[in-house]
1. When the residues of the range 73-88 are filtered to those that are in contact with a helix residue (DSSP H, G or I) (Cβ under 8 Å, 6 or more places away or on another chain) and part of a strand (DSSP E or B), which remaining residue is surrounded by the most Cβ atoms within 10 Å (Cβ to Cβ)?
2. With the requirement that a residue be within 23 Å of E109 (Cβ to Cβ), touching an Asp or Glu at 6+ places or on another chain (Cβ under 7 Å) and surrounded by fewer than 17 Cβ atoms within 10 Å (Cβ to Cβ), what does the range 145-167 give you?
3. Considering only residues that are buried (at least 16 other Cβ atoms within 10 Å of the Cβ) and within 32 Å of the chain's Cα centre (by Cα), which ones fall in the range 89-102?
4. Looking at T117, T105, which one is surrounded by 10 or more Cβ atoms within 10 Å (Cβ to Cβ), closer than 30 Å to E153 by Cβ and not acidic (D, E)?
5. So N259 passes all but one of these: (1) at pLDDT 95 or above; (2) not acidic (D, E); (3) not assigned by TED's automatic domain parsing to the domain that holds N329. Which condition number does it fail?
6. Filter the range 269-308 down to the residues that are more than 27 Å from the chain's Cα centre (by Cα) and either surrounded by fewer than 19 Cβ atoms within 10 Å (Cβ to Cβ) or part of a loop (DSSP other than H, G, I, E, B) (or both) and list them by number.
7. Give the range 133-144 a look and list any residue that's among the aliphatic types (A, V, I, L, M) and surrounded by 16 or more Cβ atoms within 10 Å (Cβ to Cβ), or say none.
8. In the set K369, K325, which member is under 20 Å from S218 (Cα atoms) and either part of a loop (DSSP other than H, G, I, E, B) or touching an Asp or Glu at 6+ places or on another chain (Cβ under 9 Å) (or both)?
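The values are calculated or read from the model by the stated rules, or taken from the named source; none is laboratory data. Since the model is a prediction, treat every value here as computed from it, not as a measurement. Note that each Cβ is placed from the backbone with ideal geometry, even for glycine, and that neighbours are counted across all protein chains shown.
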Amino acid sequence: MKKIKKNKKKKKFIGLIVLLILVIVISMLIFGGKKTDLILIKDLDVEINSEVTLLSFIDEVKNGNIISEDSKVDTTKLGSQELTIEVKNGNDTKEYKFTINIVDTTKPEIDARSEITTTVGEEVDLLEGVTASDNSKEEIEVEIKGEYDYDKEGEYELEYSAKDSSGNETTQKFKLIVVSDPDNMTFTTSKGFKGEVIDGVTYIDGILIANKTYSLPSDYGNGLTSITQSAFNKMNADAKSLGLNLWIASGYRSYWTQNTLYNNYVAADGKEEADTYSARPGYSEHQTGLAFDLNSVESSFANTDEGKWVKDNCYRYGLIIRYPKGKENITGYMYEPWHLRYVGVELATKLYNNGEWITLEEYFGVDSKYKD
């Protein structure tokens, strides 16, 4: 009898152990048995010198938490690079390794003028002021493709070419114009508009152009034109009926007045800075008699009731915001919500572009860059 009781106790003890093991196994299955899964983004190619972080390559983590810090990844060298991420699941920590590829598929960018004019027999440096930049941060040389003859009058369609060490190449068209008289000539813009220079004054499709590329003779202009003054008067009358107050803070400026202003700005801020907000003498729209500044010549004008109304309504009177916001690299000047220019209602409506202002340079296909 004693022996039988002993066997029963032994069997009961084994049964308890088996039950305990089952409980542990079930608990592990329920609470800790889920497998961690690290899902990467599909594209692991990264452009050289781009800014990416370690965790930017992770699309999703299933059943776990990333414990690695989101550090910056070195992308300065081409080729493959192994990265490691630590993920914790319960009490377990696991390292996941993956490889990214540092590549270079980006073409260089060329900054150059779209037109260069010279006279017959006068050679010019076509690469003067031309620069090329690339995401590889290497020094990029620019070459010229095409044939031209300084001794023969005509328009020559040429190209700038820039290639990086990875073989990415950019070409950019430009035009060399060789003329017998640069003050009286014709040309065609990149958008197909006819340009004329008459006694040193440039017109494109009949519109007078004055910017960093196209200058005016020192004796041009004698005041605000009557059609420009009339356009302002009509706009001002409508603005007054709405309780708005507009006035011309600065209208026509002669070559010599602009010369004094510009030199004062250069003395105060330096030539490079002055060129972002003031025209050099002979290149100012104020000298055309077709442009004027409104009210306070400050960026805050854009936030006034007058500034907001002018931005959305000046085109109805043939006036445009000449230097729109975000177009600084195109016009060559900072955003000037106060500077208006008369071009006529038809063209002004096109440039208004349903509130998304475009510039004269964009519309006609010309640039605005000083020669030096």
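1. So the first thing to find is which residues in the range 73-88 are in contact with a helix residue (DSSP H, G or I) (Cβ under 8 Å, 6 or more places away or on another chain), and the list is 73, 83, 85.
From what's left, part of a strand (DSSP E or B): 83, 85.
Working: L83: 16, I85: 20.
Here the residue is I85.
2. Of everything in the range 145-167, those that are within 23 Å of E109 (Cβ to Cβ), touching an Asp or Glu at 6+ places or on another chain (Cβ under 7 Å) and surrounded by fewer than 17 Cβ atoms within 10 Å (Cβ to Cβ) turn out to be K145, G146, S165.
3. I100, I102, listed by residue number.
4. Details: T105 fails: closer than 30 Å to E153 by Cβ.
Result of the check over T117, T105: T117.
5. For N259, the exception is condition (3).
6. Result: P281, G282, G289, L290, N295, S296, D305.
7. I140, V142
8. Working: K325 fails: under 20 Å from S218 (Cα atoms).
After applying the criteria, what remains is K369.
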